[in-house]
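Everything below concerns the one structure shown next.
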Amino acid sequence: MHRPCPDLPAYSLSQEQKTKGLAMLKQVKAQVRDGVLSKLRTDYEEAESPTLKTAINRRARSIKRNWS
């Protein structure tokens, strides 16, 4: 089993730290997703080309699917 460098004071997280870290990770992931989707919505509204709108829509669906 791999062990971290022995001179690290602590290399294991408590259950509370893990729970808090996962909650923060989920929150940051949602914020990033919402920011990217907001930018894509703006780009979609400004796009004139149907091809570009289709590409933006495809990207937004991909982000929703992969970042949920």
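Once the stretch 1-22 is narrowed to residues that are loosely packed, with under 10 Cβ neighbours inside 10 Å and outside any loop (DSSP other than H, G, I, E, B), the residue that is modelled with the lowest pLDDT is Q15. What residue, among those in the stretch 36-58 that are of a type in the set (S, T, N, Q) and assigned to a helix (DSSP H, G or I), is farthest from S68 (Cα to Cα)? Here the residue is T51.
On the stretch given as the stretch 23-33, residues that are of a type outside the set (A, V, I, L, M, F, W, C) and surrounded by 12 or more Cβ atoms within 10 Å (Cβ to Cβ) total 2.
The values are calculated or read from the model by the stated rules, or taken from the named source; none is laboratory data. Predicted, not measured: the structure shown is a model, and the values here were computed from it. All Cβ positions, even for glycine, are placed from backbone atoms using ideal geometry, and neighbour counts span all protein chains on display.
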